[in-house]
Each structure stands twice: as structure tokens, then as C-alpha cells.
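Read through the structure below, which is laid out as C-alpha cells, and then see the notes.
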Amino acid sequence: MREIERILDQLNRAWGGPSWTGVDIGPLLDGITDPQAHARPIPNAHSIIELVAHSSTWMDAVAHRLAGDERELTTEEDWRDVTEMPWPDAIEEMTNAISRLSDAIARLTVDDLDKKVAGRKYTVYVMLHGVIQHAIYHAGQIALLKKLL
């Protein structure tokens, strides 16, 4: 298996499983209602929908960076206001972001993995593993919030 395929496998496992962590993002989001997604069972903590939108934003940011975009996300883009966003839209957004990221990764060559990300001090390889780790990190938070609901 090529390294690109291994990275895609890790992204797919993070989304649909089986992931090593046991927290697969797609199935984790099943059964969450709109009120639950917007709820704040922990004061001053993010809601499930905020975490999903944030993760989607970063998957798209990484896909754009793979295309050479050096733009930094603003705070408003990173943690945007999703109070009016319906929960099904957030799930669709994440599904589409993962698809776009997968497509961008599939277009890479093995040599691309060792290249520096435009405007950054790290490689494409580090960024790709980082975005997967980021998604799993927030999936853990979502799992805890879901249990509290």
C-alpha cells in the first residue's frame, strides 16, 4: 500500500471506522438531534455543532492548503456562529469536507508528502496527519458531550 493510500485509509477510518480509538466520527453523529447538537451541557464549552463545523472548516482549509492557498483562517471562520445552522446541514458540510479532503489527498504524489506546506514550517505529511488527529480529538469531545446529553 502506498503512503498516500495509508493516509486516506486513516482518514476513512476516522470518519467511518473502524478507528483505533473506537470513536468513529460518522457513526458518532448518528442519533444526535438538532436541540442536542446546539446544547451546551458544559458551561463555556463548545457545542457539538460548533465542534463539527470547526472540524469541517479545518478539513477544507487543509484541502485548500494542498492546492497552494497560504491564507490563514480568521477567528470568525475558525469558530463561526452556527446558532442558526440546522444540524443536518452541519453533517452534510462535514461529509462534503471529508470528501473534498480525500480528493485532494488522492491527487498527491509520494514526493509531495515531504514538501513544505506553502507559508508554513511543516510538511504536507505532518499537516495531513495533523488534520486527522484534530478530527479525532474533537470526536472525543463530541462523544463526551453526547454522553452528557
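Report those helices (runs of 4 or more DSSP H) wholly inside segment 62-149 carrying at least 2 residues which are among the hydrophobic types (A, V, I, L, M, F, W, C), at pLDDT 95 or above and touching a Leu at 6+ places or on another chain (Cβ under 9 Å). Can you show your working first?
Working: elements: 75-78, 87-106, 124-148.
Where helices (runs of 4 or more DSSP H) fall fully within segment 62-149 and carry at least 2 residues being among the hydrophobic types (A, V, I, L, M, F, W, C), at pLDDT 95 or above and touching a Leu at 6+ places or on another chain (Cβ under 9 Å), they are 87-106, 124-148.
For ALA67, which of the numbered conditions (1) within 14 Å of VAL124 (Cα to Cα); (2) under 15 Å from the mean Cα position of the chain (by Cα); (3) hydrophobic (A, V, I, L, M, F, W, C) fails to hold?
All conditions are met except number (2).
Inspect segment 68-75 for any residue being crowded, with 20+ Cβ neighbours inside 10 Å and out of contact with any Cys (no Cβ under 8 Å at 6 or more places or on another chain) and give the result as yes or no. Lay out the reasoning, then the answer.
The first filter runs over segment 68-75 and keeps only residues crowded, with 20+ Cβ neighbours inside 10 Å, leaving none.
No - not one qualifying residue is present in segment 68-75.
Mind checking which residues of segment 60-112 are small (Gly, Ala, Ser) and more than 19 Å from ILE142 (Cα to Cα)? Steps first, answer last, please.
We begin by selecting, within segment 60-112, every residue small (Gly, Ala, Ser); these are 61, 63, 67-68, 90, 97, 99, 102, 104, 106.
The answer is ALA61, ALA63, ALA67, GLY68, SER99, SER102, ALA104, ALA106.
All but one of (1) more than 20 Å from GLN10 (Cα to Cα); (2) touching a helix residue (DSSP H, G or I) at 6+ places or on another chain (Cβ under 6 Å); (3) surrounded by fewer than 15 Cβ atoms within 10 Å (Cβ to Cβ); (4) not small (Gly, Ala, Ser) hold for PRO88, so report the exception by its number.
(2)
Of all the residues that make up segment 5-18, how many are surrounded by 14 or more Cβ atoms within 10 Å (Cβ to Cβ) and either farther than 20 Å from ASN96 by Cα or in contact with a Pro (Cβ under 8 Å, 6 or more places away or on another chain) (or both)?
The number of residues fulfilling the criteria is 1.
Is it the case, given these coordinates, that GLY22 is over 25 Å from TYR122 (Cα atoms), assigned to a helix (DSSP H, G or I), out of contact with any Lys or Arg (no Cβ under 8 Å at 6 or more places or on another chain) and not aromatic (Phe, Trp, Tyr)? Spell out how you get there, then give the answer.
Working: over 25 Å from TYR122 (Cα atoms): yes; assigned to a helix (DSSP H, G or I): no; out of contact with any Lys or Arg (no Cβ under 8 Å at 6 or more places or on another chain): yes; not aromatic (Phe, Trp, Tyr): yes.
Spelling it out, it is not the case that GLY22 is over 25 Å from TYR122 (Cα atoms), assigned to a helix (DSSP H, G or I), out of contact with any Lys or Arg (no Cβ under 8 Å at 6 or more places or on another chain) and not aromatic (Phe, Trp, Tyr).
Name the pairs: first residue in segment 41-53 and acidic (Asp, Glu), second residue in a loop (DSSP other than H, G, I, E, B) and buried (at least 18 other Cβ atoms within 10 Å of the Cβ), Cβ to Cβ under 7 Å, at least 6 apart or on different chains?
GLU50/VAL82
Across segment 46-56, what is the total count of residues that are in contact with a Lys or Arg (Cβ under 7 Å, 6 or more places away or on another chain) and not aliphatic (A, V, I, L, M)?
Residues that pass the stated criteria total 1.
Name the residue that is nearest to the chain's Cα centre (by Cα), counting only residues in segment 29-61 that are assigned to a loop (DSSP other than H, G, I, E, B) and among the charged types (D, E, K, R). Let's see the steps before the verdict.
Filtering segment 29-61 for residues assigned to a loop (DSSP other than H, G, I, E, B) gives 30-33, 39-47.
Remaining after also requiring among the charged types (D, E, K, R): 30, 40.
On the way: ASP30: 16, ARG40: 20 Å.
So the residue we want is ASP30.
The values are calculated or read from the model by the stated rules, or taken from the named source; none is laboratory data. All values derive from a computational prediction rather than experimental measurement. Quick reminder, even Gly has a Cβ in these numbers, built from the backbone with ideal geometry, and neighbours come from all protein chains shown.
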